[in-house]
Number of protein chains: 2
Amino acid sequence: MNIKLATGESIPAADGENILSALKKKGIYLVSSCGGKGTCGKCRIKIRSGKYRTSASRPGRDKEKGIVLACQTFPESDVSAELLEEARLIVGDRIALAKSKDLPELLRSFDSEITPIVKRLNIKLPPPTIEDHISDLERLKRGLEMKGVKGMRFSHTFISSMAEDLRKHNWEIHLAYVDGPEAIFVTSDKQTARYGIAVDIGTTTIVVYLIDLADGKLVDVGSTYNSQIRYGDDVITRIVHAAEGGGLEELRKTVTGDINNITDTIIEKHGINKEHIECAVISGNTTMSHIFWGLAPEHIREEPYIPTVNSFPLWRAGTARLHINQQAPVYTLPCVASYVGGDIVSGALASKMHRNPEIALFMDIGTNGEIAIGNNEWLMTAACSAGPCFEGSGIKHGMRATEGAIEAVKIAPDTFEPSISVIGNTAAIGICGSGMIDAISELFLSGVIDRKGKFVREIKTGRIREGDEGAEFVIYKGAKDIVLTEVDIENIMRAKAAIYAGISSLIKEIGFTLDNIERIYIAGGFGNYLNVDRAVIIGMLPDIPKEKFRFLGNTSVVGAYLCLLSEKLRKEAEEIARKMTYMELSVSKNFMDEYMSALFLPHTDMGLFPTVEKLLK
Amino acid sequence: MNIKLATGESIPAADGENILSALKKKGIYLVSSCGGKGTCGKCRIKIRSGKYRTSASRPGRDKEKGIVLACQTFPESDVSAELLEEARLIVGDRIALAKSKDLPELLRSFDSEITPIVKRLNIKLPPPTIEDHISDLERLKRGLEMKGVKGMRFSHTFISSMAEDLRKHNWEIHLAYVDGPEAIFVTSDKQTARYGIAVDIGTTTIVVYLIDLADGKLVDVGSTYNSQIRYGDDVITRIVHAAEGGGLEELRKTVTGDINNITDTIIEKHGINKEHIECAVISGNTTMSHIFWGLAPEHIREEPYIPTVNSFPLWRAGTARLHINQQAPVYTLPCVASYVGGDIVSGALASKMHRNPEIALFMDIGTNGEIAIGNNEWLMTAACSAGPCFEGSGIKHGMRATEGAIEAVKIAPDTFEPSISVIGNTAAIGICGSGMIDAISELFLSGVIDRKGKFVREIKTGRIREGDEGAEFVIYKGAKDIVLTEVDIENIMRAKAAIYAGISSLIKEIGFTLDNIERIYIAGGFGNYLNVDRAVIIGMLPDIPKEKFRFLGNTSVVGAYLCLLSEKLRKEAEEIARKMTYMELSVSKNFMDEYMSALFLPHTDMGLFPTVEKLLK
């Protein structure tokens, strides 16, 4: 029997094999934190046709739509199935894996050695005798003193296995420790496998890099939607949920569940021992960082908007509940303020803006849009809520920039027929952020939508039709049509307006003009590329010379990668966080004015977009 | 209805009230760790007569003997009951409480201020505003820096409640911390109640002092038999059990269960909030200390006899699983070697032998007998296994030195009729260590037993009779007769021989004679007193001038008390442990010779006991 997917792939399923298992064999992973027991309810999949038996589909809308749990569903004939974006766990993403060589090169460009958080000390102890009968701990301390190390701290967990560890390795050990110094664990002096994970906890998506600490290479990468989405799209709704009875714990479980789900999948795929993952770096906005550590985020939302912690202590993986070595230190990128978090510090670090004298603007386009301006002497930051649409959330056929996503769109000005390119060259299953920007700029230039983002009804094309959610433009016709609705366009307009208003009002607040900005770094999960020309056409980015722009991709996870491997860069990250001055834009009239003016294509004031004006003529 | 006890007390029980509850109302506590649910099986009591209904008596020997669980047993008429020694939890013991004033005086005699492990810092923080919007942790750190405190460490637990704690107390707080420095918890700057517990974990008995940290006074004291006894009488059998599957965890649960049981009972009695018990000091032998912390003690028993830890880090009550403030630091008296533990360091400290130039010998008579010799310049230690008989274990009617115990015995040389004195002046329910020593010396002097400790059959007295366990001497006739059997006497002979051999062989090993010893300190749970004359008559202690002896009682718990209250004395304890040189007696031929020679009353070589020789003539 075969499971036929919307992308065109056909996956064989043995008799009595469930769909989750069959997909996994072909490297297609679904989110699943219960290990296929049917209890977590996450591995949902839509069956369009074919015979199957299932023991679990949740009542209500899921059942009506033919959505079942893949782990509890067994095909009884060929079935045609559709993966749900929120249930996809993507491991081995080609775009990300292409960075395998770029990453160590990037690290070298920072002029940094590989200096992981966990350090090693090779110690050979003389075995105890009747004459030399000091306790194991005193023996270890004596060995350390002979190496010049004093005042090491020892946790109860460390000592609980120490006696056996020392004997198992015949008193010749590597002592793993962190600065403090504090002992972490003991290994044989022969063991060389050492890994770490760099984690980007986005409000909408979660990305995990598994890194080989020996050479800094990317072993693999995995990502999913942040399952917290079920409790709300943005940080505010999450904070509200956290304050409800048991809500914080629910959110915490969800995010650690996602990270563990990805990590478990990667290490199973590569046959890596989880004990060998000995450190982790977490990069997230302030709310995500608080929830990850189980700290109530409620004061972030209430005036005067105070986080509990900006600079997180180096706690352990056991405390964080991560499925890696329980003693592994977990480094959290330091946050700046309630709405500028570790992900922005991470991004600024990755951009190198803090090292250069030129004035740069850094913009991270995620669920929140955060901006930093400055150079090697000063840094100002601000935040504006863009919403999750460029990450595929809240858009009818939106998806992340992964296989099957339409990432570029051209529309013929005469026939209005679109031509598209799809990541991985498969059948299209959705549209990602760069595709949306492309599509809207093309629809606008070809006159299909007006400056308010509404369909121009006079235009005669079969591509515009009435869908369940109002007027929509069909970008792709296939087993499943991919459309952009008028409501989608409205959402995207609001997001791009927030981003533009953020940039322009922060520049104004500090008394600058666009001319002062020598470089603009754009970060965000846009995948391969962001077409800056198109982003200018829709008025998301300001109309300045294109050579000033650099698209950096997901800098949150890249900064986490750098901190995983470099002590020098961890210190620079702390320095960036200390230097950044936060400006509260949300309360400024300036921002609201800028936002309202930006709710047009490209902008109310066409004079600000001379390039676009020329194009329209 | 009434419950009539062997001591003569009559305890009223309401209709439908269980025995555990009725006894508790009158201040008679039984060991019970399940809170009266009938699951822990510890609150065993023997019902001799009367009507009752019970839902739980363990099958086999308990049922045959009429032993039931007090929490599950309801009198239906007056019942006559007998408390089982191993099930008694004694709180409010008068002998110990009499020390309430002595203890602070003792502390003062060491010339030490009250300096508990947990320190306080009074901090008033400016509340956050829109302008001053640093995170809570950074605000606290800033406040600390203004007080000159830098580099404070913060646990995840501390920070998890920090935001609420700071706001609850309106930013005016006491920060409780320990050296490191490490933050422990936050309280209102108004809260003054501060308690600590000093715990003696003996192989046979457990004693807990609850101390008011403000004035060093003893609030109350509680004790029980160490419930680990069910797994074996001495440390060796415990170590063997610990190595069996799940054994270590079983032993650990048992000992923490006992300590918690006592602590819970005391704080309930006094209405103390357990959060206000903010530090603990543990004093025990090396094996007991390891088991308390859940560390496998197996290498203690195998050559070359290596403990995992001698100097324990300052872990938390949560890690120790104590029912006090979970952040409370738990200080463990440092151990010296596998068979000389923190209890001996504690005792040496309490005796002040480490401060004086005179050569002193310190002997702690517990399940193990440990000896220290030395002065303010040097200290030698050794151990010999005495067995638990002086603590009442392994003796037919043996009991601890608490209410109802025969503590002194005289035997009329003509009629052989004994006269006794009982602790608390109640009916006698057993005999404690000092009573045993008295009884044997009297039996010996009056010719009832010979130099080998056997009954002299020629003596005509109704007091010698055949019991279930062979010949026995009836010391007390009552509702329950109290006897000393020939087997009991044999056990006591072995114990006293081990103690004497320990002292004499250690003195020989270091090239001394008894004349070099200027002072002998005797410690042990003998209650009110130990009659040194009697101990010399039976040959347990050497025959030297009586004024050289000092009986100190339970020095393990007293040393723990001193360390609970004094930073200076904690440092002295560490210094004592470092200074002590351990000698392994068990392997020396010297010790075995001494032991064999001491298996007579008072000794094979009568010339060593001139005082006794004179008495016998």
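Please treat every number below as a calculation from the coordinates, not as lab data. All values reported here derive from a predicted model rather than from experimental measurement. When we count neighbours, we look across all protein chains shown, and the Cβ atoms used for this are built from the backbone with ideal geometry, even at glycine.
Things to note:
- Computed [θ] at 222 nm, deg cm²/dmol, chain A (DSSP H ≥ 4; -39,500 (n - 2.57); rounded to nearest 500): -9000 deg cm²/dmol
- Each other copy places its own label point for B:ILE510 at 7.3 nm from this one, sorted shortest first, where the point lies 7 Å along the Cα-to-beta carbon line.
- For chain B, the square roots a ≥ b ≥ c of the C-alpha gyration tensor eigenvalues yield an a/c of 1.5 or more together with a/b not exceeding b/c, which makes the shape oblate.
- Where GluC sites (Glu not before Pro) fall in DSSP loop in region A:475-543, at most 13 other Cβ within 10 Å: A:GLU518
- For B:ASP468, the distances from its label point to the matching points in the remaining copies are 8.1 nm, ordered from shortest, with each point set 7 Å beyond Cα toward Cβ.
- Under the combined filter of DSSP loop state and at most 16 neighbouring Cβ atoms within 10 Å, region B:316-423 retains these chymotrypsin sites (Phe, Trp or Tyr not before Pro): B:TRP378.
- For region B:79-127, the list of GluC sites (Glu not before Pro) that fall in a loop by DSSP and count at most 15 other C-beta atoms within 10 angstrom reads B:GLU113.
- DSSP beta bridge pairing in the protein assembly as shown, given as percent antiparallel to the nearest 5: 70
- Antiparallel DSSP beta bridges within region B:119-188, percent to nearest 5: 90
- The mean count of C-beta atoms from other chains within 10 Å of the C-beta of residues in B:294-300, rounded to a whole number, is 4.
- Working note: Karplus 6.51/-1.76/1.60 with θ = phi - 60° gives region A:322-330 the couplings 7, 7, 10, 3, 5, 8, 4, x, 10 Hz, where Gly and Pro are set to x.
- The charge dipole of the protein assembly as shown, taken about the Cα centre with unit charges on the Cβ atoms of Lys, Arg (+1) and Asp, Glu (-1), comes to about 1260 debye, rounded to the nearest 20.
- Residues B:LEU23, B:LEU608, B:LEU506, ranked from the fewest to the most other C-beta atoms within 10 Å, line up as B:LEU608, B:LEU23, B:LEU506.
- Remark: B:LYS410, A:LYS99 ranked as B:LYS410, A:LYS99, counting other beta-carbon atoms within 10 Å and listing the fewest first.
- Gyration tensor (alpha-carbon) shape descriptor, region B:466-617, a/c threshold 1.5: oblate
- Annotation: amide H-H contacts under 5 Å for B:PHE551 (H modelled 1.01 Å from N, sequence separation of 5 or more, or interchain): B:ILE522.
- Euclidean distance of C-alpha centroids, region A:462-520 and region A:285-341, integer Å: 31
- When A:MET146 is represented by a point 7 angstrom out along its Cα-to-C-beta vector, the spacings to that point in the other copies are 5.0 nm, nearest first.
- The distance from the alpha carbon centre of region B:133-189 to that of region B:535-572 is 41 Å, rounded to a whole number.
- Shape class for the protein assembly as shown, computed from the alpha carbon gyration tensor (a ≥ b ≥ c): prolate, with a/c not under 1.5 and a/b above b/c.
- Volume of the Cα convex hull of region A:119-188, divided per residue and given in Å³: 80
- Residue by residue, region B:303-319 carries 3J(HN,Hα) couplings of 3, x, 6, 10, x, 5, 9, 9, 9, 7, x, 8, 7, 9, 4, x, 5 Hz when phi is fed to the Karplus relation 6.51 cos²θ - 1.76 cosθ + 1.60 (θ = phi - 60°); x denotes Gly or Pro.
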